[in-house]
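Written out below as structure tokens is the structure these notes cover.
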Amino acid sequence: MDYEFIQVEPRFAPFVALLRLNRPKELNALNLGLMGEIRDALGILDNDEEVRVIILTGNDRAFAAGADIKQMAGKGAIDMLKIDQFSTWDAIRKTKKPIIAAVSGFALGGGCELCMHCDIIIASETAQFGQPEINIGVMPGAGGTQRLTRAVGKVKAMEMVLTGSFISAQEALQWGLINKVVPVELYLDEALKMAVEIASKSPIAVQLAKESVLKSFDSHLQEGLYFERKNFYMLFATEDQKEGMNAFIEKRKAAFSGK
Ligand code: DAK
């Protein structure tokens, strides 16, 4: 998997893949090429049986400082419409396997939105999150007004979106935007630890559980409950359900095969 703007290690650890944004001089600004590569790589990893969890990271200074302003500056509304970046973001959102964002430094604009497309966010103490699009005459365009509001609530989302101010990793933790804050030298290790933990479960159960949690974002409670129920029943068709329950009864560790 050879790319220009990202690095991918499909066998970073057993059943864990690593996808690293790699435009360090530009603070990993998300140009169209990079976004296309993320989409392509996630598609491949999602279909790779040896991958159960994906870690998405940048470098210590920046996860991503947002969409590439230099690439966007001269565009008109119709150019943006024709580029149709939403199909790329939608494809990322539809990744079936869990994605853990391991974030250090700047996670701004599209970078913050990319984090929020992930399922779990582990941050270093130096991470900063923000939606500063308002400073350059626009507003969030990849879900920032919606996912951020659901995560941190209306008044905090308003403050971030309307003032463009950044929040620290500690604030992001207190506000419910992220899962954990660790020293900068540990954020990738911590993400890996969580990835290994999730990768030890039944991958089918993990996939359906992820799908069910995400369903709660765009359905009423009753519809979501029916959806959950169908996925729950379906898991009783897997060998992993028998293995998991028998292992419990036999007081041994389950070995999930993904069948
Ligand atoms: N785009 C392009 N280049 C960027 C960049 C960005 N977002 N952020 C940083 N860079 C570049 C800088 O221009 C600089 O390049 P050189 O001058 O060295 O060539 C280099 O990275 C280092 O940056 P600085 O010199 O500025 O570094 P500092 O430490 O002084 O400042 C900073 C770091 C992160 C505070 C600052 O760079 C900054 O404010 N960056 C811009 C942050 C920002 O406004 N982000 C939001 C961008 S708008 C959509 C989906 C998503 C989006 C839109 C549509 N659709 C699906 C339709 C998303 C939009 C956005 O994210």
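Every number in this text was worked out from the coordinates using simple rules, so none of it is lab data. Fair warning: this is a prediction, and the values are worked out from it, not measured in the lab. So basically every Cβ, Gly included, is an ideal-geometry build from the backbone, and we count neighbours across all protein chains shown.
The table below lists the values:
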{"read-out": "Residues of the stretch 60-93 satisfying the condition of being among the hydroxyl-bearing types (Ser, Thr, Tyr) and more than 14 Å from GLY110 (Cβ to Cβ)", "value": "SER87"}
{"read-out": "Matching residues in the stretch 46-59 - criterion: being more than 13 Å from the ligand (Cβ to nearest atom), in a loop (DSSP other than H, G, I, E, B) and surrounded by fewer than 19 Cβ atoms within 10 Å (Cβ to Cβ)", "value": "ASN47, ASP48, GLU49, GLU50"}
{"read-out": "Residue selected from the stretch 138-156 under the condition among the hydrophobic types (A, V, I, L, M, F, W, C) and within 16 Å of the ligand (Cβ to nearest atom), by the criterion farthest from TRP89 (Cα to Cα)", "value": "VAL138"}
{"read-out": "Single condition ARG23 does not satisfy, out of (1) over 18 Å from the mean Cα position of the chain (by Cα); (2) surrounded by fewer than 18 Cβ atoms within 10 Å (Cβ to Cβ)", "value": "(2)"}
{"read-out": "From the options GLY74, GLY43, GLY33, residue that is surrounded by fewer than 22 Cβ atoms within 10 Å (Cβ to Cβ) and assigned to a loop (DSSP other than H, G, I, E, B)", "value": "GLY74"}
{"read-out": "Unmet requirement for PHE12, which otherwise passes all of (1) more than 17 Å from the chain's Cα centre (by Cα); (2) crowded, with 16+ Cβ neighbours inside 10 Å; (3) within 16 Å of the ligand (Cβ to nearest atom)", "value": "(3)"}
{"read-out": "Pairs where the first residue, in the stretch 247-259, is assigned to a helix (DSSP H, G or I) and the second is exposed (fewer than 10 other Cβ atoms within 10 Å of the Cβ) and of a type in the set (A, V, I, L, M), C-beta under 7 Å, 6+ apart", "value": "none"}
{"read-out": "Residue in the stretch 98-113 that is surrounded by fewer than 16 Cβ atoms within 10 Å (Cβ to Cβ) and not in a strand (DSSP E or B) present", "value": "no"}
{"read-out": "Any pair with Cβ under 9 angstrom, 6 or more apart, that starts in the stretch 71-94 at a residue that is charged (D, E, K, R) and ends at one that is assigned to a loop (DSSP other than H, G, I, E, B)", "value": "ARG93/GLY143"}
